[in-house]
1. Against the condition surrounded by fewer than 17 Cβ atoms within 10 Å (Cβ to Cβ) and more than 25 Å from ALA11 (Cα to Cα), how does ASP239 come out, does it pass?
2. Looking at the range 37-60 only, could you name the residues that are at pLDDT below 95 and open to solvent by less than 20 Å² (accessible area, probe 1.4 Å)?
3. Across the range 88-105, what is the number of residues that are away from the ligand (no atom under 11 Å from the Cβ) and either open to solvent by less than 10 Å² (accessible area, probe 1.4 Å) or touching a strand residue (DSSP E or B) at 6+ places or on another chain (Cβ under 7 Å) (or both)?
4. Being farther than 29 Å from LEU18 by Cα and assigned by TED's automatic domain parsing to the domain that holds VAL132 narrows it down to one of GLY211, GLY232, GLY188, GLY173, so name that one.
5. Going through ALA128, ALA102 one at a time, which residue ends up being of a type in the set (A, V, I, L, M) and touching a helix residue (DSSP H, G or I) at 6+ places or on another chain (Cβ under 8 Å)?
6. Return only the number of the condition from (1) at pLDDT below 95; (2) surrounded by 19 or more Cβ atoms within 10 Å (Cβ to Cβ) that ALA196 does not satisfy.
7. Hey, SER123 hits all of (1) within 16 Å of the ligand (Cβ to nearest atom); (2) part of a helix (DSSP H, G or I); (3) over 28 Å from TRP243 (Cβ atoms) but one; which does it fall short on?
8. Please work out if TYR81 is outside the structural domain of VAL124 (by TED's automatic domain parsing), more than 28 Å from SER205 (Cβ to Cβ), of a type in the set (Phe, Trp, Tyr) and open to solvent by 10 Å² or more (accessible area, probe 1.4 Å).
Amino acid sequence: MNDKTVYLVGAGPGDIELMTIKSVRLIKKAQVIIYDRLANPDILKIAPKDCEFIDVGKTDGRHPVPQDEINEILYLNALKYNIVIRLKGGDPFVFGRGGEEAIYLYDRGIKFEIVPGITSAISVPAYAGIPVTQRGVVSSFRVITGHEARGKAVSQIDWDSYKTDETLIFLMGLHNLKTICKKLIQHGKKPDYPAAVISKGTTKSQKIVVGNLENIHEKSKNIDTPALIIVGKVVNLRDKLKWFELN
Ligand code: SAH
């Protein structure tokens, strides 16, 4: 590893044991870690003592450090250090802007590597006892940004395509939960169609609210971010599969 490299590393959904061996190996050698608020802060403890930490954390919908500044921070640190870690919650390419950051580096001749992580989209439902597919129930799932449901972009979503029975997983959608449920009902889903909201999944603070498209909004009023919304018949399988709460 003589070349300067920026590693775009997925840190998994929260449970530190869901990190990959590769991500841990790289973090142990990091000279600088540029990280998000989603990453479990304990992860930083495995970095070397002299490692520099740069917090560019974002909250849902608000971006304390604008993306173009983050890109530039990555670039400047790549000039300064040989082993730069850009740590992201879940997987860097699932709504993680990993692609944008990698393109920025590519355009400036900086070497990068992508280290995939376990995405919250699948693992958080798994810790809530909800399989995203189940033979005889549903054979596909869709991961959607719930953030775009805000304002103007709401019209750009092809809500008719959600008439399908496939499992729908909305990330970054908590603030738009009411709109999302309303649109799904308007476009053909029954008000009693199963839905769940899972907050801080895979961690000790995990909270799950189960309901349907009509009442899930009201029921999840006191839920904190990060949270995802899962809509589909698989939600009902939780009755027998909610292992994490029972253990
Ligand atoms: N790259 C990330 C997703 C980034 S978008 C991944 O692959 O997981 C951020 C969104 O992910 C949050 O708004 C929330 O919807 C979801 N999310 C991330 N971690 C979560 C967790 N522990 N519990 C519930 N939702 C989570």
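1. yes
2. Correct list: ALA39, ILE43, VAL56, GLY57.
3. Residues that pass the stated criteria total 3.
4. On the way: GLY211 fails: farther than 29 Å from LEU18 by Cα; GLY232 fails: farther than 29 Å from LEU18 by Cα; GLY173 fails: farther than 29 Å from LEU18 by Cα.
Being farther than 29 Å from LEU18 by Cα and assigned by TED's automatic domain parsing to the domain that holds VAL132 holds for just one of GLY211, GLY232, GLY188, GLY173, which is GLY188.
5. Just one listed residue meets the conditions, ALA128.
6. With (1) at pLDDT below 95; (2) surrounded by 19 or more Cβ atoms within 10 Å (Cβ to Cβ) applied to ALA196, the lone miss is (1).
7. (3)
8. yes
The values are calculated or read from the model by the stated rules, or taken from the named source; none is laboratory data. Source: prediction; values computed, not measured. Note that we place each Cβ from the backbone using ideal geometry, even for glycine, and neighbour counts take in every protein chain shown. In case anyone asks, the SASA skips ligands and DNA or RNA and just uses the protein heavy atoms, side chains included. Shrake-Rupley method; radii C 1.70, N 1.55, O 1.52, S 1.80 Å.
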